[in-house]
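Some notes on the structure that comes next.
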Amino acid sequence: MRPSRRQAVRPATVLRREALIVTVPVALAALLAAAGPASAIGSGAPGAGDPYFPLAGNGGYHVDHYDLTLRYDPDSRHLDGTAVLTAHATQLLTRFDLDFKGLKVTGLTVDHTAADFRRDGQELVVTPGRPLFPGEEFRVTVAYNGTPKPVTDPDGSLDGWIPTDDGAFVAGEPQGAMTWFPANNHPKDKSSYDITVTVPKGRTAVSNGVLVGQRTAQGHTTFHWRQREPMAAYLATATVGKFEVEQYTTHNGIRVYNAVDPREASDAESVLKKLPSVLEWESKLFGPYPFRNAGSIVDRAPDVGYALETQSRPLYDSAPDLSTLVHENAHQWFGDSVSLTSWKDIWLNEGFATYAEWLYEEQHGGDTAQETFDELYDRPASDDLWEFPPGDPGSGENIFGTPVYERGAMALHALRTAVGDRTFFRILRAWATEHRGGHGTTRQFVHLAEQESRKNLDSVFTTWLYSAGKPNTP
Ligand code: TRP
Ligand code: ZN
């Protein structure tokens, strides 16, 4: 027998689409009656609550999976895209936002039904044909095209889809993901990805995770990449160029894919050769490598000026030196696997990746971490290093500043000094392990350090993370 079409409203998490069609009016009336002020009813927030980037991310839903299908022509710089987001509502949604900047939207459906939308700066405001219920899964399809342009970050650097002479360098930290796909653009929301990119034959499109397919037809090559492990939008890439490709599997079973601009190849070679040993060394310190795939994208992108820890496959604007390789791969544990919930906590990414460089030096015949620390501590109080405390950079303009990287690493060294090597390395590993594939906050890190060391570490963290100016004692 078919269930009654007039069944009562079941708990939202078990509502099915078929049931919704008939129960919407009743359920909506009940929910609206219970809700707060009329203006807020059913609207997902336009931001994820980040103090530095208030419009980044959105409230009211999580994206579980992105399926991006792109076609890029490097000569005309034209991008055609379709994004299919599988998401679930975390509240009643009569309206929700995506972050999407620049490109033209040519069609938008929610659950295969045309939905109303409007653009408001970086917000793509979507009004589905019917409300979405808390816990309900829904699918948003956005068709778009145009010439993607990078955003300029508060610190003046370019971020997003950055054209190069043979393709594009695609890096999204902190804001640029929205320049090439509609996203819930905040690291609070992590998702799996399928990214399929078609480029003219002879170019390579490199993204995250595993290359599940590659095929050439009619003068174009399509690359299909899949990132199964949860990833923040800013760590996605679809970098296009003329690349030499190298693939192998490490003896630990990690599949490596390196793509190198031939103009950078001879400079990159000796450093890239060290990738397996760097990953092995980092795994010994931080615990098992968090992804199935690894590698490098070495581009020539003179306008960029930084590398990015794109998940499972860091992206370099030119041939990296060994410290940079160590740094970006350390981020795979710290930043990529264990992600931020707020950009204010950026030292959890950059301080840790920088400290990994110091440790690598120390354990490979270079300066000890103590020597690196002492040399930095010698800098006068007027130095940039002391401009702001790394635990509270103050604004988005400062998130990649020297204090975040260097004093952030000094904070870890001060912790190491306070608790001793055994406990310190246990803390690092526990941090990576306990938060693997998820998130971590500074507060949680402090708590873990105190728990593992059975010490009150207030003064260490207050001094190194939160006090303005140069600390009085090293
Ligand atoms: N997270 C990168 C690293 O240190 C650096 C980075 C990404 C960056 N985006 C940026 C630096 C924008 C300056 C400006 O590995
Ligand atoms: Zn970094």
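Read-outs throughout are calculated quantities, based only on the coordinates presented, and are distinct from any laboratory measurement. These numbers come from a predicted model, not from an experiment. Glycine gets a Cβ as well: all are built from the backbone with ideal geometry, and neighbour counts include every protein chain shown.
Just a few scattered comments:
- Computed from the Cβ-Cβ distance with R0 of 25 Å, the FRET efficiency linking ARG422 to SER323 stands at 0.45.
- At q = 0.23 Å⁻¹, base-10 log of I(q)/I(0) for region 173-215 (Debye sum, equal scatterers on each alpha carbon): -0.97
- Sites ASP165 and VAL212 - FRET efficiency at Förster radius 25 Å, r taken between beta-carbons, to 0.05: 0.30
- For region 288-369, applying the loop criterion from DSSP together with a ceiling of 15 other beta carbons within 10 Å to the trypsin sites (Lys or Arg not before Pro) yields ARG292.
- Kirkwood estimate for region 406-474, i.e. one over the average of 1/r between Cα atoms, Å: 12.4
- Globularity index of region 232-302, i.e. its alpha-carbon radius of gyration over 2.2 N^0.38 Å: 1.18
- For a label point 7 Å along the Cα-to-beta-carbon line of THR473, residues of region 395-436 with backbone N under 15 Å: 414-415, 417-419
- The value given for region 276-431 is a Kirkwood hydrodynamic radius of 16.1 Å, derived from the mean inverse Cα-Cα separation.
- Taking label positions 7 Å along the Cα-Cβ direction at both TYR466 and GLU434, the computed distance is 1.9 nm, reported to one decimal.
- Cα point-scatterer Debye curve for region 173-325, base-10 log of I(q)/I(0) at q = 0.17, 0.18 Å⁻¹: -1.04, -1.17
- Taking a ≥ b ≥ c as the square roots of the eigenvalues of the Cα gyration tensor, the chain is oblate, since a/c reaches 1.5 or more and a/b is not larger than b/c.
- Distances between placed amide hydrogens fall under 5 Å for LEU132 paired with LEU93, THR94, all partners being 5 or more residues away or on another chain.
- Beyond 26 Å in Cα-Cα separation lie the following of the pairs LYS190/LYS344; LYS284/LYS470; LYS190/LYS455; LYS188/LYS274; LYS101/LYS188; LYS188/LYS284: LYS284/LYS470; LYS190/LYS455; LYS188/LYS274; LYS188/LYS284.
- DSSP H segments from the chain that extend 18 Å or more along their own axis, Cα-based, with Kyte-Doolittle mean of 0.0 or above: 17-34
- Under 19 Å from LYS242, Cα to Cα: aspartates and glutamates that are on another chain or at least 8 residues apart: ASP73, ASP75, ASP165, ASP166, ASP261, GLU264, ASP267, GLU269, ASP299, ASP303, ASP317
- Tensor-based shape of region 18-247 (alpha-carbon gyration tensor, a/c under 1.5 rounded, otherwise prolate or oblate): prolate
- Given charges at Cβ of Lys, Arg, Asp, Glu: the chain dipole, positive-most of PHE373, PHE388, ILE399: ILE399
- The modelled label-to-label distance between GLU246 and ASP392, using points 7 Å beyond Cα along the C-beta direction, is 4.7 nm.
- More than 26 angstrom apart: percent of Cα pairs within region 343-466: 16
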